[in-house]
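Please treat every number below as a calculation from the coordinates, not as lab data. These figures come from a predicted structure and were not determined experimentally. Heads up, the Cβs are rebuilt from the backbone with ideal geometry, glycines too, and the neighbour counts pull from every protein chain shown.
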Amino acid sequence: MPGRKIDLKSDTFESDMEKNAPDIFDLFAPECVSEEKNHVYIGKDAYIRTYGFSLYPRELYVGYFDEFFKLGGVRISTYLESIPDYEVISVLTKKVVALQTQLILMKKRGDITDVPVYETALLDLETVREAIQTNRERMFKVDVFISIYCASLEELQKKCWEFEGICGRKGLYPRSLAFRQTEGLVSMLPIANNKINDYTRNLTTGSAACIIPATTSSASHSTGIFLGQNIQTGSPVIWDRFIGPPVLPSQHVYVAGKSGSGKSVTLKLITSRTVATGIRTIVFDPEREYQKVIKELLGGEYVQFKAGVKSGINVLDIDEEYDEGGRYVVDIYGKITSIRALLGAYMRNFTGRPLSPVEITSLEEAIKELYAERGITQDPESLYIEGSEERDGRYKVGRIKKKMPVLSELKEKLVKKGICNELCELMKPLVGDGSLAMFDCETTIDLKKSLAIGFDLREIRDEFTKFLVTLVLFDFVWAKFVQKDNLKKSIVLDEAWMFVKYPESARYLEEIARRGRKYKASLIIATQNIEEFINREEGRAIINSCSTMFLLLQNAAVVRDIVEHFNLSEGCARLLETFASGEAVMLLNGSASAIRIMPAPFEWEAVQT
């Protein structure tokens, strides 16, 4: 009101000012708190059940609670309070004396049934007492609470059953805080206000460290390549994707991050350091980003594909391969299947219809005839003759491979049969000087020539052509690279969402992911559009086959889906939204660590995009 005087020193004014000012509780106060006998509802479809632990197993290890995070919607709160050493030693000494006395009496009575149990307990007590007396250990009072958050009571009940099952397997005895769920909720808050004191237990320093929920014990291996450092601890991260079970059940890798997150730099760094260890690597490069790494840094081969230009890959080329019995054979029927799949996909995407039964039969007969004319059978020796040939300006004399049939010869065979007129007409772009005739040629690309080979797909602009090229390359790499030996090898696919959006190419990737482990082939899948994988059955199958994952900076719109799919904590969710370029959540068989990818100074010029 005009003319009103305000006394800044009045108690009323000060109390109003204090009442209207926000405090720390406004940061996390729920909309409501409705307590039932075994859960709390805090609004926004959030139901919470909190547990304490009355018993722990005899032995703990680092990361003992990490498995609970895989359930999703799990929060862990730990209270630690040091106990004075003199008090601990006094109590332990009394317990040692009591046990020693009990053992003597039991042995005098001849009651030896429980003697081993008492002797084990006595040894544990003496070991702890000695460690504390020599200042190698401390004793702590410990309280651990776990809250499980769900959007419905049904989901909460199901997840709690899973949680209690894990506890039973781990030797933990969880106690639901019945009729005290509100007190449990307060004890979970980061305000150091423990309302529940029933389940306080004594643990040594080592055991107390094991119950800390944020652990990084599995962020590094004893062998492998250097990636960078752990963000939380600063320790180096050494990673070996071929280390094998039980550490990593598969050698496949999934990398996801939005534009500018450092995804391509991460892949180039992994590629260069992998090749430096002697592991042969093939890179599918949609945007010509790896040319400098492969040609200049690694001295490898870089193959460019263009519409209308012969690629040096013959889809009818066939080699010997390992069968299930470990023998070398020529799989003619497997080649028939791959050609039929290629032309079937070509027909479906060109005309909207699959191959007809007549076309399938004629195609199989024609392919068999082409190989039979060259004397090629299932015997690997049938692929070779004694002779000489000129190759790269040099003559090779001795055992050389026979000249293989090509697509144009296959088309001529079908024309002569006279019953596949539409298929023969539609194959015209695939042969001769047609716009899609890149693979109507002899195979000249040697995948054994270099440790690093890149396939440049940038000039393939048309979606249909890119789809066709992808199918051929996947089949070529599987036959000529994956199955050729039992040595470690790597296949890198950047922007893999371009491949997985086609069902046929997605199935090829799934096949490599599923069967590649037998041939020690590691598949590295990288994408900006993680939703392309999560929302597709084939994509989820590929992700689920990967034991290592690097999740870099993500778009906020998809973080919730990522957290739910990978069962990550809320802390990981915040990191995925705030990471700097080159920082990532590294998942090793489900165990999460935050790391920073660190190229060496001499690598930066080649790996930066």
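One table, with the values for the structure above:
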item	result
The range 61-183, relative contact order in percent, only Cα pairs under 8 angstrom and at least six apart counted	39 percent
Most positive-pole-ward Cα, TRP497, GLN100, GLN229, against dipole of the chain from beta carbon charges	GLN100
The range 31-210, dipole about Cα centre (Lys/Arg Cβ +1, Asp/Glu Cβ -1), debye to the nearest 20	320 debye
Selection from PHE350, ILE385, VAL315, by position along the positive dipole direction of the range 312-444 (Cβ)	PHE350
Loop GluC sites (Glu not before Pro), the range 270-349 (other Cβ atoms within 10 Å of the site Cβ: 16 or fewer; DSSP)	GLU287, GLU324
Estimated dipole of the range 105-193 in Debye, rounded to 20 [Cβ of Lys and Arg +1, of Asp and Glu -1, Cα centre]	160 debye
At R0 = 51 Å, FRET efficiency that the Cβ-Cβ distance of GLU369 and ARG540 yields, to 0.05	0.75
Only Lys, Arg (+1) and Asp, Glu (-1) charged, at Cβ; the chain dipole about Cα centre in debye	880 debye
Gyration tensor (alpha-carbon) shape descriptor, the range 312-444, a/c threshold 1.5	prolate
Rounded to 5, percent antiparallel among DSSP beta bridges of the chain	65 percent
Sequence-distant lysines (8 or more away, or on other chains) whose Cα lies within less than 21 Å of LYS268	LYS258, LYS292, LYS295, LYS448, LYS449, LYS488, LYS489, LYS520
Global geometry of the range 441-545, whether rounded, prolate or oblate, following the gyration tensor of its Cα atoms and the 1.5 cut on a/c	oblate
For the range 513-527, 3J(HN,Hα) per residue [Karplus equation, 6.51 cos²θ - 1.76 cosθ + 1.60, θ = phi - 60°, Hz, x = Gly/Pro]	5, 7, 9, x, 4, 5, 9, 6, 9, 9, 9, 10, 9, 10, 7
222 nm mean residue ellipticity, helices alone, for the chain (DSSP H n ≥ 4; -39,500 (n - 2.57); rounded to 500)	-11500 deg cm²/dmol
The range 293-350-the range 469-532 distance, computed between alpha-carbon centres (Å)	12 Å
Nearest-ten-degree value, helix 556-566 long axis tilted from longest Cα axis of the chain	90 degrees
Selection from ILE595, TYR79, GLN251 lying farthest towards where the dipole of the chain points positive, charges on Cβ	GLN251
Value of Rg/Rh across the range 31-210 [Cα atoms, Kirkwood radius]	1.07
Rel. contact order, % - alpha carbon contacts under 8 angstrom, at least six apart, the chain	18 percent
